[in-house]
1. Compute the length gained on full extension between E63 and R402: take 0.36 nm times their separation in residues and subtract their Cα-Cα distance, giving the result in nm to one decimal.
2. If contacts are Cα pairs under 8 angstrom and at least 6 residues apart, what is the relative contact order of the stretch 197-334 in percent?
3. For a label point 7 angstrom out from the Cα of L314 toward its Cβ, which stretches of the stretch 257-292 have the backbone nitrogen within less than 19 Å?
4. Could you work out [θ]222 nm for the chain from helices alone, using -39500 (n - 2.57) per DSSP H run of at least four and dividing by all its residues? Round to the nearest 500 deg cm²/dmol.
5. At R0 = 45 Å, how high is the FRET efficiency between R269 and A348 if r is their beta carbon distance? Nearest 0.05 is fine.
6. So for the pair A288, S202, with labels modelled 7 Å out along Cα→Cβ, what separation do we get in nm?
7. Take the alpha carbon atoms of the stretch 1-65, find their center, do the same for the stretch 136-170, and report the distance between the two centers in whole angstrom.
8. So, R0 is 25 Å and r is the distance between the beta-carbons of R131 and E339; what FRET efficiency does that work out to, to 0.05?
Amino acid sequence: MPKKQIAIIGGGPAGLMAAEVLSTSGNRVSVYEAMPTVARKFLLAGKSGLNITHSEDYAHFAERFGNTSDKLRHALDAFQPSDVRAWAAELQVETFVGTSGRVFPVAMKASPLLRAWLKRLEAKGIDILTRHRWQGFSDAGYAFDTPDGPRAIRPDAVLLALGGASWPKLGSDARWTTWLKAKDISVNDFQPANCGFNVAWSAIFQDRFAGAAVKSVVATSAAGSLPGEFVITRHGIEGSLVYAHAAALRDRLAMGQTATLELDLAPGRSRERIEYDLSRQDTKTSLANRLRKGAGLDGVKANLLRECGSDSDLHDPKRLAQRIKSLSIAVTSTRPIAEAISSAGGVAWGEIDESYMLIKRPGIFVAGEMLDWEAPTGGYLLTACFATGRAAGRGVEAWLQR
């Protein structure tokens with residue numbers, strides 16, 4: 001029986017994982033990547049330490065995907081965090097669990113893992129064609145711009161793994177949405193996820209504290225109460241603690257509601273104790289000294305108290321203690337999606353079957369961030385990209401056998 005031709009369009013984690021699955025199918029598999037090299041977002045994400053998955057109990061892990069957790073569950077069940085670590089070990093990449101439960105390669109970087117992965121894919125006969133930018137559908141099949149000029153292919157099956165809409169300079173520019181919509185495929189609009197937010201800082205606060213880290217706080221929103229830290233920017237706020245609340249804040253803004261992040265600036269002390277300690281301070285001393293001695297606050301935390309709220313609260317120990325324990329930062333809008341770590345939105349789940357094939361376009365499969373789901377930072381996003389890539393690859397294999 002002649003080999004089938006399988007095209008994977010998109011050389012990120014989902015596409016490469018699908019290629020690995022399909023490398024044992026006996027068919028010819030080609031990966032088409034628009035950029036000069038594959039997995040550019042993967043490499044950039046790994047510059048500060050590649051967080052490949054999370055070590056928490058799998059039952060909790062699988063619920064971290066919001067209202068799409070049930071839709072992703074089948075793929076995740078088949079490639080759980082423990083499987084991610086085993087897969088990395090097969091590539092001779094040792095991993096460890098950090099203090100936060102996140103899992104990293106011992107080398108911390110993405111490049112050694114990617115090099116080993118690509119070497120294995122090459123050994124398995126996977127063709128990776130870079131600088132091949134998909135230009136949509138044509139009468140001849142799938143049109144590409146290539147270094148040798150325009151080219152069209154007509155494979156037996158196609159797996160699309162073109163990413164979402166964040167970090168477009170790395171390749172995920174969401175141009176594909178137009179072509180799928182033209183084929184009557186429902187694609188939900190992309191929104192920033194794991195993103196920063198704009199805040200109307202005063203010019204003085206902005207100039208003094210842009211880049212400052214706000215550490216050891218608890219932040220509360222509709223997403224719950226979570227400890228951590230974040231960073232003040234010239235535009236507003238960003239960082240891991242903000243990203244954990246990003247979906248809740250973004251959705252409130254989308255509904256036209258006020259969106260605030262409530263901060264406990266002194267989570268280790270009760271409001272009553274702070275009030276008592278503040279009341280004992282000499283009212284003739286400066287506010288900075290009273291905050292430092294009575295509440296243990298200085299620097300950016302002390303100035304956040306000045307920046308957010310009424311000045312009259314600063315002179316009353318009871319109201320000041322309340323503000324320290326519940327300081328509201330009002331966000332006005334999300335930062336642009338091009339700055340976001342990831343995106344929500346994409347191909348609607350009702351458009352695909354259980355094997356990740358487009359119901360209206362048999363033979364076309366989708367995986368990764370093209371689908372409408374989002375995940376918090378902490379290894380969840382990458383694990384789900386791996387898992388959906390594998391699930392879609394299995395779907396291609398089963399469909400071709402039928």
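1. Numbers: separation 339, 0.36 × 339 = 122.04 nm, distance 3.32 nm.
Taking 0.36 nm per residue and subtracting the Cα distance, the gain is 118.7 nm.
2. 30
3. Under 19 Å, as judged by backbone N against the label point of L314, lie 263, 265-266, 275, 278-292 of the stretch 257-292.
4. Computed mean residue ellipticity for the chain: -10000 deg cm²/dmol.
5. Numbers: r = 48 Å, r/R0 = 1.06.
So the FRET efficiency works out to roughly 0.40.
6. Taking the simple label geometry, A288 and S202 are separated by 1.4 nm.
7. So the two Cα centres are separated by 17 Å.
8. It comes out at approximately 0.45.
Laboratory data are not the source of any read-out in this text; all were calculated from the coordinates shown. Source: prediction; values computed, not measured. Glycine also receives a Cβ, built like all others from the backbone with ideal geometry; neighbour counts cover every protein chain displayed.
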